[in-house]
Structure formats: C-alpha cells, structure tokens
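The structure appears right after this line, and notes come after that.
The values are calculated or read from the model by the stated rules, or taken from the named source; none is laboratory data. In this text the structure is predicted, and so the values were computed from the model without any measurement. Cβ: placed from backbone, ideal geometry, glycine included. Neighbour counts: every protein chain shown. To get the accessible areas, we keep the full protein, side chains included, count just its heavy atoms, and leave off ligands, DNA and RNA. Shrake-Rupley method; radii C 1.70, N 1.55, O 1.52, S 1.80 Å.
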Amino acid sequence: RIYMPYIQRVLKLSHTEIKNFDERFIKLNEEIGEIAVAVLQSRGLKHTDKSKKEIKENILEEICDSIIVLLSMASYYKFTEKQIGAMINKKLDKWEGRIKK
C-alpha cells in the first residue's frame, strides 16, 4: 500500500477549490512549463542569477506544485485516496515489470 499523507490533505483542500477541471488542467500546464524553465536553467540553456542549489530547489518546488495540481484534478472527479493509491500501485507494478525484463 502506498501511504502519502499529503493526498488526503490535497483532496480535502480541493473540495473548496472553485476552479473547474479545465482550469486545473491549464494550471498544470503552467506548472510543467515552470519545471521546463528550471531544467533549462540547470543545464545553462536559460540565463538565471540563481545558484545551482536554488535552481535544484526550484525544480523540486515546481514538481511538487504539479503533483498538487494533479491530485486536485483527481479530486475534481471525486477519486478517493484509496482509488488513487491503488492506481499508483498498479502503474508502479507495470513499470517495475518492464524494468525487470
């Protein structure tokens, strides 16, 4: 069983969110774009005054923002923590199966 205590917190907060699914999807794309910018900065392909440590921390921050938005999208369709965990495990099993081959 996957245990991610933040899932329940995100799902709870998402119930008060006024954004519809399309707006959440657009927000996800914004967050993905922010990851892309940070990765480009980490590779020296986009100018920044940030240190390598700050860039790395920003990558994590944007990844976490994306995870939160994705969970909010799942909440929109009223998927439960149990359903999300079960699907994540199913997908991890599939991924693990491909790696072992």
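Observations on the model:
- Filter pass, ILE99 being surrounded by fewer than 16 Cβ atoms within 10 Å (Cβ to Cβ), out of contact with any Cys (no Cβ under 6 Å at 6 or more places or on another chain), under 23 Å from GLU30 (Cα atoms) and among the β-branched types (Val, Ile, Thr): no
- Scan of region 11-36 for residues that are in contact (Cβ under 8 Å) with a residue 40 or more places away in the chain and closer than 16 Å to GLU62 by Cα, ordered by number: ARG24, PHE25, LYS27, LEU28
- Filtering region 60-88 to residues that are touching a Phe, Trp or Tyr at 6+ places or on another chain (Cβ under 7 Å) and open to solvent by less than 60 Å² (accessible area, probe 1.4 Å) leaves only MET73.
- Elements of type helices (runs of 4 or more DSSP H) in the chain, at least 2 residues being among the polar types (S, T, N, Q) and at pLDDT 95 or above: 21-42, 52-76
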